[in-house]
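S.K.: Once you've had a glance at the structure underneath, I'll fire off some questions.
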Amino acid sequence: ILNDPDAPVAGNPAGDLTIVDFFDYNCPYCKKAATSLEKLVKTDGNIRLVYKDWPILHETSIVGARLALAAKYQDNYLPVHHALMDIPGYGIPQEQMLAAVRKTNVDQARLDADLTAHADDILRLIKRNLNIAEAIGLQGTPGFLVGVYKVNEALTYDGFVRVAADARARAKKTR
């Protein structure tokens, strides 16, 4: 879960706390929580953030996940991820997703090629994410693992600060 070499990672790679984010590009709650989570990662400076694309809400959710994960092959996962998360609402049409991706620095021809060349690898990663979410008992998006804590709700910035502090305190007690 924490060290899947295929999972996109942001923040501090050597951070003292890992947060795993299970999300769907069609989830308005995920989008709201993502803003707070990324603010925490930036202000804290010692958090490693692992992204788990979990396309479960709408038929275009898989489109968004595939686009973002294919962009990872040209080191553009985060710009594509942010572009897709910035689209408001639910049930986002594929055309709107593609338009958002085109506004990033992604090489569109290479993205198209990577979508085809790495289709099986991308699908395997998405299936792993689905299986992990089910195995750990997430009930829907958004879902987070913050250290030893499982959180299955959209947290505010203050909520993320509190659970990160709790996770660090618990980790110190078990050392």
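S.K.: I'm checking my understanding of the structure. Among residues of segment 8-35 that are over 13 Å from the mean Cα position of the chain (by Cα) and aliphatic (A, V, I, L, M), which one is farthest from Asp166 (Cα to Cα)?
M.R.: The selected residue is Ala14.
S.K.: Further question on the same structure: Identify all residues within segment 30-65 that are acidic (Asp, Glu) and either under 15 Å from His82 (Cα atoms) or open to solvent by less than 10 Å² (accessible area, probe 1.4 Å) (or both); write none if there are none. Steps first, please.
M.R.: Here is the first cut: in segment 30-65, the ones acidic (Asp, Glu) are 38, 44, 53, 59.
Those that are acidic (Asp, Glu) and either under 15 Å from His82 (Cα atoms) or open to solvent by less than 10 Å² (accessible area, probe 1.4 Å) (or both): Glu38, Asp53.
S.K.: For His58, all conditions in the list (1) closer than 22 Å to Val163 by Cα; (2) assigned to a loop (DSSP other than H, G, I, E, B); (3) not hydrophobic (A, V, I, L, M, F, W, C) hold save one; what is the number of the exception?
M.R.: (1)
S.K.: Can I ask one more? Output the qualifying pairs, or none if there are none: Cβ atoms under 6 angstrom, residues six or more apart or on different chains, first residue in segment 59-72 and in contact (Cβ under 8 Å) with a residue 12 or more places away in the chain, second residue open to solvent by 10 Å² or more (accessible area, probe 1.4 Å) and not in a helix (DSSP H, G or I).
M.R.: Ser61/Pro55; Ile62/Pro55; Ala65/Pro55; Ala71/Val106
S.K.: Against the definition (open to solvent by less than 20 Å² (accessible area, probe 1.4 Å) and in contact with a Gly (Cβ under 6 Å, 6 or more places away or on another chain)), how does Ile19 come out, yes or no?
M.R.: no
S.K.: With the requirement that a residue be under 20 Å from Asn76 (Cβ atoms) and of a type in the set (A, V, I, L, M, F, W, C), what does segment 1-29 give you?
M.R.: The answer is Ala7, Val9, Ala10, Phe23.
S.K.: Residue by residue through segment 107-121, note down the ones that are over 10 Å from Leu69 (Cβ atoms) and either open to solvent by 50 Å² or more (accessible area, probe 1.4 Å) or in contact with a Leu (Cβ under 6 Å, 6 or more places away or on another chain) (or both).
M.R.: Scanning segment 107-121 gives Asp107, Gln108, Ala109, Arg110, Asp112, Ala113, Thr116, Ala117, Asp120.
S.K.: Out of segment 114-126, which residues are more than 19 Å from Cys27 (Cβ to Cβ) and assigned to a helix (DSSP H, G or I)?
M.R.: Matches in segment 114-126: Asp114, Leu115, Thr116, Ala117, Ala119, Asp120, Asp121, Ile122, Leu123, Arg124.
S.K.: Does Ala113 satisfy being under 30 Å from Val161 (Cβ atoms), at pLDDT 95 or above and either touching a Phe, Trp or Tyr at 6+ places or on another chain (Cβ under 9 Å) or not acidic (Asp, Glu) (or both)? It would help to see each step written out before you state the result.
M.R.: Working: under 30 Å from Val161 (Cβ atoms): no; at pLDDT 95 or above: yes; either touching a Phe, Trp or Tyr at 6+ places or on another chain (Cβ under 9 Å) or not acidic (Asp, Glu) (or both): yes.
For Ala113, the condition - under 30 Å from Val161 (Cβ atoms), at pLDDT 95 or above and either touching a Phe, Trp or Tyr at 6+ places or on another chain (Cβ under 9 Å) or not acidic (Asp, Glu) (or both) - is not met.
S.K.: Which residue pairs have Cβ atoms under 7 Å apart, sit 6 or more places apart or on different chains, and have a first residue in segment 146-157 that is without any contact (Cβ under 8 Å) to a residue 24 or more places away in the chain and a second that is among the β-branched types (Val, Ile, Thr) and surrounded by 13 or more Cβ atoms within 10 Å (Cβ to Cβ)?
M.R.: Filtered contacts from segment 146-157: Tyr149/Val163; Lys150/Ile136; Val151/Val163.
S.K.: For residues in segment 79-106 being in a helix (DSSP H, G or I) and touching a residue at least 40 places away in the same chain (Cβ under 8 Å), which is surrounded by the fewest Cβ atoms within 10 Å (Cβ to Cβ)?
M.R.: Among those that are in a helix (DSSP H, G or I) and touching a residue at least 40 places away in the same chain (Cβ under 8 Å), it is Met85.
The values are calculated or read from the model by the stated rules, or taken from the named source; none is laboratory data. Not measured: the values here are computed from a predicted model. Neighbour counts run over all protein chains shown; Cβ positions are idealised from the backbone, glycine included. Calculation scope for accessible area: heavy atoms of the full protein, side chains included, ligands and nucleic acids excluded. Shrake-Rupley method; radii C 1.70, N 1.55, O 1.52, S 1.80 Å.
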